[in-house]
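Reading through the structure tokens given below for one structure.
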Amino acid sequence: MADVLGFTARNPDAVMNYLHYHRADKTQYELECLRRANQIAVKGHLAAKNAFYNGASEFEIQQCYLLEIGQGENDVPYGNIVALNQNSAILHYTALEHTKPEQRLSFLIDAGANFHGYAADITRTYAFEKNRFYQLIVALNKVQLAIIEQMKPGVKYVDLHIATHEHIGQILVDFELATGTVEQLVVQGITSAFFPHGLGHMLGLQVHDMGGYAHDERGTHIAAPDAHPFLRCTRVLAANQVLTVEPGIYIIDSLLEQLSPSAKQMINWKTVDELRPFGGIRIEDNVIVHQNQVENMTREFGLVD
Ligand SMILES: [Mn+2]
């Protein structure tokens, strides 16, 4: 059609850059859709948590989740990650095992919901028993809430990501996963080996919404820092932006093995061995930045820990 009408350019960059930049500034209608998507997903998460403690397999947990939210696999905004035990250390784990594991240790679920095309994107991790891994979840949960508390207009999202690395460095020391100063653990790439992905991303019609790197409406790109190539948002926060905040800590052997010999000496392999069967932790909420406060949609609908 465009050809018939004689258009020579489709989706010109100037137009797309403008739209992508302004897409971050959600209208009241969009904010309400994102709240509803969260409300739906939270119901599913509570059902999934229950299924985990009642002995369900990954496949069964997924069915419980979908049934509870009334959305099928083709309706939800992304393929849910439903992982028991060590599977939770696989960042984009998509298999859904039908077999129940012999021993139930941990459960990570990254699952969303859709409302009028808008996405929720929520992650929780649970420990089957109140053990060291459970304490690690509690510690990371505190970090996540502390980071969210710092979100306000004018704050750079990159700075929050870097602050998260410092918090995680402290956790590694506190839980005897590593020795050294927090600064050393960050500089040597040790926090990155345990937390290899970005703090989060913009959220909207797309799960990873457009415009995360846009500095202005002309499309000036702010790249992620060299040391943090997987960060999906480098913007300065402003009112009516919606973002995820999703710190994680995982035992991923391939990443630990890539560390330098001096960094490896700072790792406490005994604790790594102890925690490996539990996989990993991610805690992800969806928040709205307002002028004078931050609204945590996920927690306000009752997914409190
Ligand atoms: Mn996410």
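Among the listed residues Glu246, Glu295, Glu274, which satisfies the condition of being in contact with a strand residue (DSSP E or B) (Cβ under 6 Å, 6 or more places away or on another chain) and in contact (Cβ under 8 Å) with a residue 40 or more places away in the chain?
Glu246
Within the range 67-79, is even one residue of a type in the set (A, V, I, L, M, F, W, C) and either in contact with a Phe, Trp or Tyr (Cβ under 6 Å, 6 or more places away or on another chain) or modelled with pLDDT under 95 (or both)?
Looking for residues that are of a type in the set (A, V, I, L, M, F, W, C) and either in contact with a Phe, Trp or Tyr (Cβ under 6 Å, 6 or more places away or on another chain) or modelled with pLDDT under 95 (or both), one finds none in the range 67-79, hence no.
Within the set of pairs 6 or more residues apart or between chains, which connect a residue that is outside any loop (DSSP other than H, G, I, E, B) inside the range 145-156 to a residue that is loosely packed, with under 15 Cβ neighbours inside 10 Å with Cβ atoms less than 6 Å apart?
Lys156/Val236
Looking at Met210, is it farther than 26 Å from Phe107 by Cβ, in contact with an Asp or Glu (Cβ under 8 Å, 6 or more places away or on another chain) and among the hydrophobic types (A, V, I, L, M, F, W, C)?
No: the conditions fail for Met210.
Please determine whether any residue of the range 53-63 is assigned to a helix (DSSP H, G or I) and aliphatic (A, V, I, L, M).
Looking for residues that are assigned to a helix (DSSP H, G or I) and aliphatic (A, V, I, L, M), one finds at least one in the range 53-63, hence yes.
Scan the range 156-203 residue by residue and report those that are away from the ligand (no atom under 16 Å from the Cβ), among the polar types (S, T, N, Q), surrounded by 18 or more Cβ atoms within 10 Å (Cβ to Cβ) and under 22 Å from the mean Cα position of the chain (by Cα).
Within the range 156-203, Thr191, Ser192 meet the criteria.
Return the only residue of Asn11, Asn85 being on the phi > 0 side of the Ramachandran plot and surrounded by 18 or more Cβ atoms within 10 Å (Cβ to Cβ).
Asn85
In the range 105-128, is there at least one residue being surrounded by fewer than 20 Cβ atoms within 10 Å (Cβ to Cβ), within 16 Å of the ligand (Cβ to nearest atom) and not in a strand (DSSP E or B)?
The answer is no, given that none of the residues of the range 105-128 is surrounded by fewer than 20 Cβ atoms within 10 Å (Cβ to Cβ), within 16 Å of the ligand (Cβ to nearest atom) and not in a strand (DSSP E or B).
Among the residues of the range 204-224, count how many are within 16 Å of the ligand (Cβ to nearest atom) and in a strand (DSSP E or B).
Within the range 204-224, residues that are within 16 Å of the ligand (Cβ to nearest atom) and in a strand (DSSP E or B) number 0.
Among the residues of the range 273-288 satisfying the criterion of being touching a Leu at 6+ places or on another chain (Cβ under 9 Å), within 16 Å of the ligand (Cβ to nearest atom) and not polar (S, T, N, Q), which is farthest from Gln28 (Cα to Cα)?
So, considering only residues that are touching a Leu at 6+ places or on another chain (Cβ under 9 Å), within 16 Å of the ligand (Cβ to nearest atom) and not polar (S, T, N, Q), the one farthest from Gln28 (Cα to Cα) is Gly280.
Check Val76 against each of (1) at negative phi; (2) more than 23 Å from the chain's Cα centre (by Cα) and name the one condition it does not meet.
Status for Val76: all satisfied but (2).
Might you check whether a residue that is on the phi < 0 side of the Ramachandran plot, surrounded by 21 or more Cβ atoms within 10 Å (Cβ to Cβ), in a loop (DSSP other than H, G, I, E, B) and within 16 Å of the ligand (Cβ to nearest atom) occurs anywhere in the range 225-245?
Yes, because at least one residue in the range 225-245 is on the phi < 0 side of the Ramachandran plot, surrounded by 21 or more Cβ atoms within 10 Å (Cβ to Cβ), in a loop (DSSP other than H, G, I, E, B) and within 16 Å of the ligand (Cβ to nearest atom).
If Ala95 passes every condition in (1) in contact (Cβ under 8 Å) with a residue 40 or more places away in the chain; (2) loosely packed, with under 14 Cβ neighbours inside 10 Å; (3) closer than 30 Å to Thr271 by Cα but one, which one does it miss?
Result: Ala95 passes all but (1).
Which pairs turn up if I take residues in the range 173-199 that are within 20 Å of Arg282 (Cβ to Cβ) and in contact (Cβ under 8 Å) with a residue 12 or more places away in the chain and look for partners that are of a type in the set (Val, Ile, Thr) and in a loop (DSSP other than H, G, I, E, B) with beta carbon separation below 7 Å, at least 6 apart in sequence or on another chain?
Correct list of pairs: Pro196/Ile252.
Looking only at the range 125-139, which residues are of a type in the set (Lys, Arg) and under 13 Å from Ile249 (Cβ atoms)?
Within the range 125-139, Arg132 is the sole residue that qualifies.
The values are calculated or read from the model by the stated rules, or taken from the named source; none is laboratory data. This one's a predicted model, so the numbers in the text were calculated from it and none came from an experiment. Here Cβ is always computed from backbone atoms with ideal geometry, including for glycine, and neighbour counts include all displayed protein chains.
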